[in-house]
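**Q** So that we are looking at the same thing, I have put the structure below in structure tokens.
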């Protein structure tokens, strides 16, 4: 006998779809204090202000970028650049770095914090690249984090800058901005990375981490943000901001530390 179809009255509610466990299916909560339109406008303005943002660590290839990022932990980009100019002039491949040796690497980077341990890591990661990847820097996060001294943030920087992947490398500037602006609040870099990747429109992801880093370095500074110089002052939801008037939205020609 044919089964009868259940009729639904016009005023009755259609049951929500349920998971296998019986719980209602819910969309993940939007993780930002800003609406999707506001987030898009923030990054649109950043893209106008800095059309082609560049990382400030000097390098000549993927290997020297990897080394520079490893050395940049607890150090300034300017300090790393000063130390690596001489180093990369004589060792810009894993093979040349091994030939140079740990003692010579250490001598080049003595002005950088934790230089002894970093010299060991540079030699160890050079050896690992030769042994496991044919001397080439892999364009894969899981592979990169197997290298000595390389964590998720370092891997994301290399993947973004050398391989053009839309990654989000959360450093101290982005950690601060994510919370101060309520853009993507979180307690850990991984938590903030996850939220930023979820809210930033795909069209802006390629340069998003550079825009946020540069905004944190030159405008939304740690000690005292320069709100008068901020192009998103009218959108910003930070309780500490001192201006609601956005700075003129014009491309920046040059920035210096």
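The values are calculated or read from the model by the stated rules, or taken from the named source; none is laboratory data. None of the values given here were measured: they were computed from a predicted structure. Methodologically, a virtual Cβ is constructed for each residue, glycine included, from the backbone with ideal geometry; neighbour enumeration extends over all protein chains shown.
**Q** Would you confirm whether or not region 1-14 contains a residue that is outside any helix (DSSP H, G or I), farther than 21 Å from residue 170 by Cβ and either modelled with pLDDT of 95 or more or under 36 Å from the mean Cα position of the chain (by Cα) (or both)?
**A** no
**Q** Within region 45-62, which residues are assigned to a loop (DSSP other than H, G, I, E, B) and closer than 17 Å to residue 253 by Cβ?
**A** Within region 45-62, 50, 51, 52, 53, 54, 56 qualify.
**Q** Then there is this: Here are 93, 76, 84: which of them is more than 17 Å from the chain's Cα centre (by Cα) and closer than 18 Å to residue 117 by Cα?
**A** Criteria check complete, one pass: 84.
**Q** A further question follows. Would you check if residue 78 is at negative phi, surrounded by fewer than 18 Cβ atoms within 10 Å (Cβ to Cβ), modelled with pLDDT under 95 and out of contact with any strand residue (DSSP E or B) (no Cβ under 7 Å at 6 or more places or on another chain)?
**A** Yes.
**Q** From 247, 253, grab the single residue that is surrounded by 15 or more Cβ atoms within 10 Å (Cβ to Cβ), without any contact (Cβ under 8 Å) to a residue 24 or more places away in the chain, over 21 Å from the mean Cα position of the chain (by Cα) and in a loop (DSSP other than H, G, I, E, B).
**A** The unique qualifying residue is 247.
**Q** State which residue is nearest to residue 72 (Cα to Cα) when the search covers only region 96-121 and only residues that are touching a helix residue (DSSP H, G or I) at 6+ places or on another chain (Cβ under 7 Å) and part of a loop (DSSP other than H, G, I, E, B).
**A** By that ranking, first place goes to 112.
**Q** Out of (1) surrounded by fewer than 16 Cβ atoms within 10 Å (Cβ to Cβ); (2) at pLDDT 95 or above; (3) not in a loop (DSSP other than H, G, I, E, B), the odd one out for residue 135 is which?
**A** (3)
**Q** Continuing with the same structure: Can you name the residue in region 214-233 that is exposed (fewer than 13 other Cβ atoms within 10 Å of the Cβ) and part of a loop (DSSP other than H, G, I, E, B) and, of all such residues, is nearest to the chain's Cα centre (by Cα)? Write out each step before concluding.
**A** Initial filter on region 214-233 (exposed (fewer than 13 other Cβ atoms within 10 Å of the Cβ)): 222-224, 228.
Narrowing the set further to residues that are part of a loop (DSSP other than H, G, I, E, B) leaves 222-224.
Numbers: 222: 17, 223: 21, 224: 22 Å.
Looking at the filtered set, the residue picked out is 222.
**Q** Which residue out of 124, 143 is in contact with a helix residue (DSSP H, G or I) (Cβ under 8 Å, 6 or more places away or on another chain), in a helix (DSSP H, G or I), at pLDDT 95 or above and surrounded by 14 or more Cβ atoms within 10 Å (Cβ to Cβ)?
**A** Selected residue: 143, the only one of 124, 143 that is in contact with a helix residue (DSSP H, G or I) (Cβ under 8 Å, 6 or more places away or on another chain), in a helix (DSSP H, G or I), at pLDDT 95 or above and surrounded by 14 or more Cβ atoms within 10 Å (Cβ to Cβ).
**Q** Inside region 234-244, can you point out the residues that are surrounded by fewer than 16 Cβ atoms within 10 Å (Cβ to Cβ) and out of contact with any helix residue (DSSP H, G or I) (no Cβ under 6 Å at 6 or more places or on another chain)?
**A** Passing the criteria: 234, 237, 239, 240, 244.
**Q** Given the structure, is residue 205 touching a helix residue (DSSP H, G or I) at 6+ places or on another chain (Cβ under 6 Å) and closer than 23 Å to residue 155 by Cβ?
**A** no
**Q** Taking the condition of being buried (at least 19 other Cβ atoms within 10 Å of the Cβ) and either part of a loop (DSSP other than H, G, I, E, B) or in contact with a helix residue (DSSP H, G or I) (Cβ under 8 Å, 6 or more places away or on another chain) (or both), how many residues in region 172-192 meet it?
**A** Qualifying residue count, region 172-192: 10.
**Q** Ok, one more. I need every pair where a residue in region 165-187 that is at positive phi and at pLDDT 95 or above has its Cβ under 7 Å from the Cβ of a residue that is buried (at least 17 other Cβ atoms within 10 Å of the Cβ) and in a loop (DSSP other than H, G, I, E, B), sequence separation at least 6 or different chains.
**A** Matching pairs, first to second residue: 182/238.
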